[in-house]
Amino acid sequence: MPQQSRSERPTKAKEEEVEQPVEDRSLPILPVRDTVLFPHAVLPLTVGRESSVQLINSLGEDKTIVVVAQREARVDSPQPTDLYTVGTLAVVHKVVKMPNQSLFVFAEGLERVRLVEFTQLTPFMRGRVESIPEGIPPKGAEIEALQRNVLTLFQQIVAGSPTLSDELSTVAMNIEEPGRLVDFIASSLPSLSTPDKQDTLETTDVRVRLEKINQHLAKELEVQQLRNKIQSEVQDRVQQTQREYYLREQMKAIQKELGEQDEGQRDTEDLKKKIEDAGMPDEVKKEALKELGRLSRMSPMAADYSVTRNYIEWLAILPWAKTSGGEVDIPKAKDILDTDHYDLKKVKDRILDYLSVRRLKPTMKGPILCFVGPPGVGKTSLGKSIARALGRKFVRLSLGGVHDEAGQIIQGIRRAETKDPVFMLDEIDKVGRDFRGDPGSALLEALDPEQNGTFRDNYLDVPFDLSKVLFITTANMLDPIAEPLRDRMEIIELQGYTEEEKVHIAFQYLIPRQVEENGITPEQIEIPEESIRFLIRHYTHEAGVRNLERNIGTVCRKQARRIAEGKTGKLEVTKEIIQEFLGGIKIRTEGEIAERTKRAGVAVGLAWTPAGGDVLFIEANKMKGKGSFTMTGQIGQVMQESMQAALTWVRSNAGQLGIAESFFADHDIHIHVPAGAIPKDGPSAGVTMATALVSLLTERPVRPLTAMTGEITLSGNVLPVGGIKEKVLAAKRAGVRDVILPAENKTNVEEDLTAEQLENLTVHYVKTIDEALNLALPTTPREEKQDAEEREKVLTQA
């Protein structure tokens, strides 16, 4: 409640009430919270504290008190340090008792006083005070201008405020003294904080007081104008919304009278028709109609109107009953697969088996096929061929780094526009797994033929039948795929290609495609078989054909440039042309093996990698020492154990091998596996390590162009290993002629490798290390001489 001016109150009563100077009296001190009483103003106070009630009740004829503001309003029992030092001398005019035992007191401010000392603290505070004289400035233009400006600002604030009475402006206009005007305005402004009011009370210089209140008024007026502007804008928007609502309602009424439908009703009817035509299951249709009913009752201006509409559209547009596959023609499917892909007999047989069963039983659930193989062997393109053979739509989703796999599957179905597409999940071994979840586990439902008939998407939250979808997944390796997910898929392995297969693929697919893509004709370029073989051997080192196609594309682009420059003659791509276009020879496989095995202690192993097989050099060396054994080349624990096993076997058979017993005590041995930056592990290089050690210690170089693989035991047995096809093909790519394999891997060679793939290769099967050593190392000086001659011949040709 604003304080009221007492400017017209008679002063006679005051003179009677303050007969002696305040300095000579001990006066009651009333602490107040969040309130500052100014001189010449009346302030209604609610007194509720027990000490304050006792103070008011103790007043006799002399009603004079000192009203002082507390520094902290939260303090319930204030001490002298909790009070400001400047307060207001006041006289109590009226006391009203309230029902809750508190008092309602009307006090009038008389003058500013400063607390000098406290003479009593209980039951209420009393103390001595001294009057604070006001510094009244001489009348001048600056003071008058300040006073007028303050008055004008105050009147503007009162006029623009809904809570301040207009009488305040009138009272302010009738106050001539500038000091009293400031006090009145400060007591009347509800926005002025208690510290600011106290600061105004403590400021005795009237000119300074005018400047301070002028700043406060200017700030308050700015805030008030801004608030009014915001309120006006909000009101305008509300009025506009209401206006649009009324107009829309009137339009509905008019359209109803004319028998027409409004746009919203037409939209609802269209969606309802789509729902009816979609062929949804009853449960989904019920959910769609429920959401449609909710949409029809919503205003188009509602926040979730578009969300609900999109949801219904998604439900209506999904292919609940549409299929694309018709009668399966097995001979035609076989022709398509043979046309699109060379070889891959096992894979094609499995696909044709599935198509045959589907023809006999159209309602069968789709299997989950997983194509595993190195990059560039045709996994993804095989999926497209299957879709073409089946006459179905093809959808591909790359899973590398994907986190929202469920939503992606439904989106793929929507893009396919049929419920039975061929759906390829590419790179399933690279699914992103982090703190947001494990998509591999989430794929379990989608890829399980027993569960995916009622697959629920996170967004739609209605069951969708995925059992008719033919899911095909691809991977470079099986290891990263979770075991439960791997268990749901039928694994079909695609091995790397031999040189012969790559030549076929190049002439049948790669060269025609690159010639067409680079804008030239077959009559403008000729690539002989000899040049393709040169390109394969010396510019690519891969299981697939991606780099081969890339290099063929580079050659075609060079010819396109020659034609653009005016050289229109046909280009015959010779070895020299290839070196001119692609740079010097990148890979020297045959020469490298022959060169590196010239020295005793170097053997060639065979390794399996995600990109196919590869040759692996193992080097051993000896030096004077104390019998230590060093292993380097970033090798794993299993490979280190294989090295230890090889050394143990060699030491235990030293006499039989012609190695002095004291040799191991007087020498250090070091085995290294280049390249040192590539991690290596596994037991399959055991035979190679033993051969390298025996070669070193007997000073017999390993036969040229010989490679081997196999795990060994301490008793000298050679155990079978995996990845035989990839390893044999890697050996052939590297120019190896003799391959030593464990005897138990003979079945793998016969099943997985064709006679064409084994051409120019001699495969030797061994059961013990002794047999392997007899094949890998020369046994007589004559054999050593023959090996040296053969090595020189290879190096000369390379």
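The values are calculated or read from the model by the stated rules, or taken from the named source; none is laboratory data. Since the structure is predicted, the reported quantities are computational estimates derived from the model, not experimental observations. Heads up, the Cβs are rebuilt from the backbone with ideal geometry, glycines too, and the neighbour counts pull from every protein chain shown. Only protein heavy atoms, including side chains, enter the accessible area calculation; ligands, DNA and RNA are left aside. Shrake-Rupley method; radii C 1.70, N 1.55, O 1.52, S 1.80 Å.
Check off (1) open to solvent by 50 Å² or more (accessible area, probe 1.4 Å); (2) outside any helix (DSSP H, G or I) for residue 124 and give me the number that stays unchecked. For residue 124, the failing item is (1).
The criterion of being open to solvent by less than 30 Å² (accessible area, probe 1.4 Å) and of a type outside the set (D, E, K, R) does not hold for residue 660.
Among the residues of the stretch 647-661, the one identified as in a loop (DSSP other than H, G, I, E, B), in contact (Cβ under 8 Å) with a residue 40 or more places away in the chain and at negative phi is 653. The single condition from (1) closer than 30 Å to residue 241 by Cβ; (2) surrounded by 14 or more Cβ atoms within 10 Å (Cβ to Cβ); (3) more than 28 Å from the chain's Cα centre (by Cα) that residue 302 fails is (2). Considering the stretch 598-611, and only residues there that are more than 10 Å from residue 688 (Cα to Cα) and under 45 Å from the mean Cα position of the chain (by Cα), the residue that is surrounded by the fewest Cβ atoms within 10 Å (Cβ to Cβ) turns out to be 610. If only residues of the stretch 561-590 that are in a helix (DSSP H, G or I) and touching a Phe, Trp or Tyr at 6+ places or on another chain (Cβ under 8 Å) are counted, the one that is most open to solvent (accessible area, probe 1.4 Å) is 575.
Would you confirm whether any residue within the stretch 204-211 is in a helix (DSSP H, G or I), under 18 Å from residue 149 (Cα atoms) and in contact with a Ser or Thr (Cβ under 6 Å, 6 or more places away or on another chain)? Yes, because at least one residue in the stretch 204-211 is in a helix (DSSP H, G or I), under 18 Å from residue 149 (Cα atoms) and in contact with a Ser or Thr (Cβ under 6 Å, 6 or more places away or on another chain).
Within the stretch 612-646, the set of residues being open to solvent by less than 50 Å² (accessible area, probe 1.4 Å) and outside any strand (DSSP E or B) comprises 625, 627, 633, 636, 639, 642, 643, 645, 646. The requirement of being open to solvent by 10 Å² or more (accessible area, probe 1.4 Å), in a loop (DSSP other than H, G, I, E, B) and more than 23 Å from residue 778 (Cα to Cα) is not satisfied by residue 701.
One residue alone among 179, 135, 109 is modelled with pLDDT under 90, under 20 Å from residue 40 (Cβ atoms), crowded, with 19+ Cβ neighbours inside 10 Å and in contact with an Asp or Glu (Cβ under 9 Å, 6 or more places away or on another chain), and that residue is 179. Can you name every residue in the stretch 473-516 that is of a type in the set (Lys, Arg) and in a helix (DSSP H, G or I)? The answer is 486, 502, 513.
Taking each residue of the stretch 543-554 that is without any contact (Cβ under 8 Å) to a residue 40 or more places away in the chain and looking for partners that are of a type in the set (Val, Ile, Thr) and open to solvent by less than 20 Å² (accessible area, probe 1.4 Å) with beta-carbon atoms closer than 7 Å, six or more apart or interchain, yields 551/540.
Exactly one residue out of 534, 471 is of a type outside the set (Asp, Glu), touching a residue at least 24 places away in the same chain (Cβ under 8 Å) and buried (at least 22 other Cβ atoms within 10 Å of the Cβ), and it is 471. The numbered conditions (1) free of Cβ contacts under 8 Å to residues at least 24 places away in the same chain; (2) loosely packed, with under 11 Cβ neighbours inside 10 Å; (3) not in a helix (DSSP H, G or I) are all true for residue 229 except (3). Go through the residues of the stretch 90-102 one by one and say whether even a single one is part of a helix (DSSP H, G or I), among the charged types (D, E, K, R) and free of Cβ contacts under 8 Å to residues at least 12 places away in the same chain. For the stretch 90-102, residues part of a helix (DSSP H, G or I), among the charged types (D, E, K, R) and free of Cβ contacts under 8 Å to residues at least 12 places away in the same chain: absent.
Residue pairs whose Cβ atoms lie under 6 Å apart, sitting 6 or more positions apart in sequence or on different chains, and linking a residue in the stretch 274-296 that is under 15 Å from residue 318 (Cα atoms) and among the basic types (Lys, Arg) to a partner that is modelled with pLDDT of 85 or more and surrounded by 17 or more Cβ atoms within 10 Å (Cβ to Cβ), are 274/316. Look at the stretch 361-384: where a residue is under 18 Å from residue 430 (Cα atoms) and a partner is in a helix (DSSP H, G or I) and open to solvent by 30 Å² or more (accessible area, probe 1.4 Å), sitting 6+ places away or on another chain with Cβ atoms under 7 Å, you get 375/546; 376/546. The sole residue among 308, 363 that is within 35 Å of the chain's Cα centre (by Cα), of a type in the set (Ser, Thr, Tyr) and either assigned to a loop (DSSP other than H, G, I, E, B) or farther than 30 Å from residue 548 by Cβ (or both) is 308. Would you call residue 557 without any contact (Cβ under 8 Å) to a residue 24 or more places away in the chain and either surrounded by 16 or more Cβ atoms within 10 Å (Cβ to Cβ) or in a helix (DSSP H, G or I) (or both)? Spelling it out, it is not the case that residue 557 is without any contact (Cβ under 8 Å) to a residue 24 or more places away in the chain and either surrounded by 16 or more Cβ atoms within 10 Å (Cβ to Cβ) or in a helix (DSSP H, G or I) (or both).
Taking the numbered list (1) open to solvent by less than 20 Å² (accessible area, probe 1.4 Å); (2) of a type outside the set (Ser, Thr, Tyr); (3) under 30 Å from residue 115 (Cβ atoms) in turn, residue 157 passes all entries but (3). Against the test of being surrounded by fewer than 16 Cβ atoms within 10 Å (Cβ to Cβ), within 17 Å of residue 132 (Cβ to Cβ) and not acidic (Asp, Glu), the options 170, 204, 200 yield a single qualifying residue, 204.
For the stretch 504-531, a residue qualifies if it is in contact with an Asp or Glu (Cβ under 7 Å, 6 or more places away or on another chain) and crowded, with 19+ Cβ neighbours inside 10 Å, and the qualifying residues are 510, 514. Taking the conditions (1) within 18 Å of residue 613 (Cα to Cα); (2) exposed (fewer than 15 other Cβ atoms within 10 Å of the Cβ); (3) in contact with a helix residue (DSSP H, G or I) (Cβ under 8 Å, 6 or more places away or on another chain) in turn, residue 713 satisfies each one other than (1). Restricting attention to the stretch 733-768, the residues that are part of a strand (DSSP E or B) and either open to solvent by less than 60 Å² (accessible area, probe 1.4 Å) or of a type outside the set (Val, Ile, Thr) (or both) total 10. For the stretch 207-226, filtering for residues that are open to solvent by 10 Å² or more (accessible area, probe 1.4 Å) and either of a type in the set (Gly, Ala, Ser) or closer than 16 Å to residue 154 by Cα (or both) leaves 12.
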